[in-house]
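The values are calculated or read from the model by the stated rules, or taken from the named source; none is laboratory data. Nothing here was measured: the structure is a model prediction, and the numbers come from that model. In this analysis, Cβ positions are derived from the backbone assuming ideal geometry, glycine residues included, and neighbour counts consider all displayed protein chains. For accessibility, only protein heavy atoms count, side chains too; no ligands or nucleic acids. Shrake-Rupley method; radii C 1.70, N 1.55, O 1.52, S 1.80 Å.
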Amino acid sequence: MVYEPLHHKYRPQRFADVVGQAAVVKTLTHAIQLGRIAPAYLFCGPRGTGKTSSARILAKSLNCERGGPTADPCQVCQQCRSITHGSSLDVIEIDAASNTGVDKIRELIERAQFAPVSSRYKVYVLDEVHMLSSAAFNALLKTLEEPPPQVVFVLATTDPQRVLPTVISRCQRFDYRRIPLTDMLAHLTQIAQQEGIPIASAALELIAQLSQGGLRDAESLLDQLSLLEGEIDLEAVWNLVGAVPERALLSLIDAIQSRDPLPVITLTRHLLDHGKEPLTLLQNLVSFYRDLLLAKTAPNRRDMVALTPDTWAALQTRAEHYSISHVLALQSHLRQAEIQIRQSGQPRLWLEISLMELLQAASASAPPTELALPQMPPPAPLPSPPPLAPPSVAPSPPSMPDPPAVVVKPVLSPSPPAAADPLPSPPPVGSLGSQWEIFLQRLTPVAKGRVRLGRVIQETPQEITLGFPNQGFADMARAKLSDIQPIVNEVVGRTVRLIFTVDVATLAPPTDSPPPPPPAAASSGIPLSPPLPQGSPTAAPLATPASPPSAPLPEPDELQETARRLAEFFHGSVVSMSPGDPQPAATPLNSAPPTPEEEDLPF
């Protein structure tokens with residue numbers, strides 16, 4: 001005897017047997033009873049929800065020999081049996097994925113002009129119709145709008161977005177939804193009882209949850225499990241589908257939450273050595289964190305997760321120790337690691353590295369109450385925090401930022417006295433200043449080139465202020481806000497507002513040394529050196545009375561050093577620093593012609 005799979009054996013044969021599609025069944029049943037048969041139908045929905053089965057039931061209802069078109073075909077007449085076995089000459093099923101060209105559709109249109117051979121209606125069922133080409137769709141438009149008499153088209157697709165709107169407008173559309181969990185569980189229980197499959201109720205519920213609303217997937221999985229000996233339990237289901245057991249995922253998230261790398265590596269190696277794929281383990285972990293987030297935000301919606309009751313209760317208990325931002329930060333890190341593991345030739349290695357990095361991400365994004373940072377005494381070996389630098393000292397040049405200095409100053413500075421102005425609040429645990437290099441590495445090359453000259457001026461839980469040497473650099477960085485903002489949110493583990501401004505402390509001159517007065521010659525418009533007499537050879541420049549030759553030149557301040565480095569970066573030179581700087585003297589009209597030595601100069 002030929003073996004018949006369960007999803008074939010228990011395929012619905014009448015509308016009353018269709019599971020979980022009450023609205024569609026009710027509409028089609030009334031249409032048949034009233035004799036209002038449309039020329040074309042479009043059945044949309046996920047896989048395994050009954051689209052093709054409904055098309056066959058519709059064909060049997062239209063062509064049943066007992067009682068004319070009926071909503072309940074007899075299943076015993078010649079037409080019903082031939083349609084069930086797929087041997088009817090008037091019910092043509094076409095796989096659109098294998099017949100995508102316009103020539104196949106032209107042939108279909110020509111054959112549709114002929115009358116039915118032995119049936120009341122000729123029914124064309126086009127499965128996966130979204131695979132047709134645009135030319136094939138356009139060729140079918142006229143026939144769908146005005147088909148020959150006694151011809152009905154049924155189009156089935158899992159991707160209605162790829163069907164032309166002109167085709168959809170000529171059909172009656174029915175959307176098939178995923179099978180509800182209760183309806184699928186009742187159907188699987190009935191099959192297990194009729195087939196005599198010894199399976200626990202918890203295992204049946206897990207099968208229904210893993211199928212994600214696809215009845216055919218659930219029946220196929222139950223068919224595979226029926227080949228096992230003895231009673232089928234939860235462990236057998238997990239081993240067959242190749243997913244990570246829920247108990248192992250619970251142990252893994254507990255190890256990550258404890259910030260201890262040893263149990264994380266041990267448990268990961270154990271799962272990998274028992275045949276779990278690295279990518280599967282990562283995806284199951286991301287899905288488990290999603291279930292944890294639902295347990296925290298919607299504890300009464302167990303129907304939204306594919307978990308057993310015991311695991312759902314355990315997640316509700318653990319959700320009290322997590323914040324929403326903490327879980328989102330962990331999921332974001334795992335999402336980035338998935339790309340690396342998928343494209344790497346060493347997925348096991350990168351999975352372990354990603355989980356080790358996840359420990360750092362968990363520490364940075366965890367709420368302060370969980371890490372208990374305020375209650376921890378400072379370590380003994382660490383030196384006492386240095387006092388806050390006076391405001392007159394200029395900070396480091398923007399071109400060579402010093403991230404540790406930016407972070408340590410606000411965090412380790414002593415509390416100001418009551419009479420002084422309040423200092424900005426220290427940044428949170430996941431601060432941008434402490435992770436500045438990581439932030440720069442995640443940026444695109446263009447965004448990194450615009451931000452690297454900046455530094456963190458002030459950081460609060462709600463906003464971060466970035467300072468730049470001038471307004472031009474600030475505007476250039478602000479233009480890449482769409483690329484910079486997501487990276488900042490991932491690094492700090494929260495959503496913040498970015499402010500781009502000019503770093504005033506860097507541009508201001510030091511207060512302890514007043515700026516030198518401008519030379520008198522520059523202010524009065526007199527050239528720095530008198531013109532050379534006519535016909536004289538190369539003459540040495542004369543000293544200006546306003547500045548004695550023996551006076552030492554002032555040391556360049558921080559702004560001058562920054563300007564010099566910026567000019568060298570663009571292969572240029574500094575011409576002027578401020579309106580008070582001396583300008584090059586204009587050459588008088590009666591000046592002597594240049595000497596041969598001067599003509600050899602590069603400028």
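Of all residues in the stretch 197-220, those that are open to solvent by less than 60 Å² (accessible area, probe 1.4 Å) and without any contact (Cβ under 8 Å) to a residue 24 or more places away in the chain total 1. Counting residues in the stretch 165-185 that are under 14 Å from SER211 (Cβ atoms), open to solvent by 20 Å² or more (accessible area, probe 1.4 Å) and among the aliphatic types (A, V, I, L, M) gives one or more.
Could you list all residues from the stretch 25-57 that are part of a loop (DSSP other than H, G, I, E, B) and either without any contact (Cβ under 8 Å) to a residue 40 or more places away in the chain or touching a strand residue (DSSP E or B) at 6+ places or on another chain (Cβ under 7 Å) (or both)?
Step one: filter the stretch 25-57 for residues part of a loop (DSSP other than H, G, I, E, B), giving 35-39, 45-50.
If the condition is that a residue be part of a loop (DSSP other than H, G, I, E, B) and either without any contact (Cβ under 8 Å) to a residue 40 or more places away in the chain or touching a strand residue (DSSP E or B) at 6+ places or on another chain (Cβ under 7 Å) (or both), then GLY35, ARG36, ILE37, ALA38, PRO39, GLY45 are the ones that fit.
For VAL327, the conditions (1) free of Cβ contacts under 8 Å to residues at least 40 places away in the same chain; (2) surrounded by fewer than 17 Cβ atoms within 10 Å (Cβ to Cβ); (3) part of a helix (DSSP H, G or I) all hold with the exception of (2). All of (1) in a helix (DSSP H, G or I); (2) touching a strand residue (DSSP E or B) at 6+ places or on another chain (Cβ under 9 Å); (3) surrounded by 14 or more Cβ atoms within 10 Å (Cβ to Cβ) hold for ILE109 with one exception: (2).
Screening CYS80 on (1) of a type outside the set (Val, Ile, Thr); (2) open to solvent by less than 70 Å² (accessible area, probe 1.4 Å); (3) touching a residue at least 24 places away in the same chain (Cβ under 8 Å) shows it passes everything except condition (3).
Only one of LEU181, LEU144 is of a type outside the set (Lys, Arg), within 32 Å of the chain's Cα centre (by Cα) and at pLDDT below 90; which?
Answer to the selection: LEU181.
Looking at the structure I just gave you, is ILE83 assigned to a helix (DSSP H, G or I) and modelled with pLDDT of 90 or more? Yes; evaluated as a whole, the condition is true for this residue. Those helices (runs of 4 or more DSSP H) of the stretch 202-262 in which at least 3 residues are modelled with pLDDT under 90, considering only elements entirely within it, cover 234-241, 246-257.
Just to be sure, is PRO12 open to solvent by 20 Å² or more (accessible area, probe 1.4 Å) and closer than 22 Å to THR157 by Cβ? Answer is yes for this residue.
Pick from THR311, THR280: which is over 19 Å from GLY213 (Cβ atoms), open to solvent by less than 30 Å² (accessible area, probe 1.4 Å) and modelled with pLDDT under 90? It would help to see each step written out before you state the result.
Numbers: THR280 fails: open to solvent by less than 30 Å² (accessible area, probe 1.4 Å).
Residue meeting the stated conditions: THR311.
Scanning the stretch 221-242 for residues that are open to solvent by 50 Å² or more (accessible area, probe 1.4 Å) and under 39 Å from the mean Cα position of the chain (by Cα) returns GLN224, ASP233, LEU234, GLU235, ASN239, LEU240, VAL241.
Please enumerate the residues belonging to the stretch 445-479 that are of a type in the set (Val, Ile, Thr), open to solvent by less than 50 Å² (accessible area, probe 1.4 Å) and in a strand (DSSP E or B). Within the stretch 445-479, VAL456, ILE464, THR465 qualify.
Within the stretch 338-370, being open to solvent by less than 20 Å² (accessible area, probe 1.4 Å) and either assigned to a helix (DSSP H, G or I) or modelled with pLDDT of 90 or more (or both) holds for ILE341, LEU351, SER354, LEU355, LEU358, LEU359, ALA362, SER365.
Please tell me if HIS274 is of a type outside the set (Gly, Ala, Ser) and either buried (at least 18 other Cβ atoms within 10 Å of the Cβ) or under 24 Å from PRO180 (Cβ atoms) (or both).
Values: of a type outside the set (Gly, Ala, Ser): yes; either buried (at least 18 other Cβ atoms within 10 Å of the Cβ) or under 24 Å from PRO180 (Cβ atoms) (or both): no.
The answer is no for HIS274.
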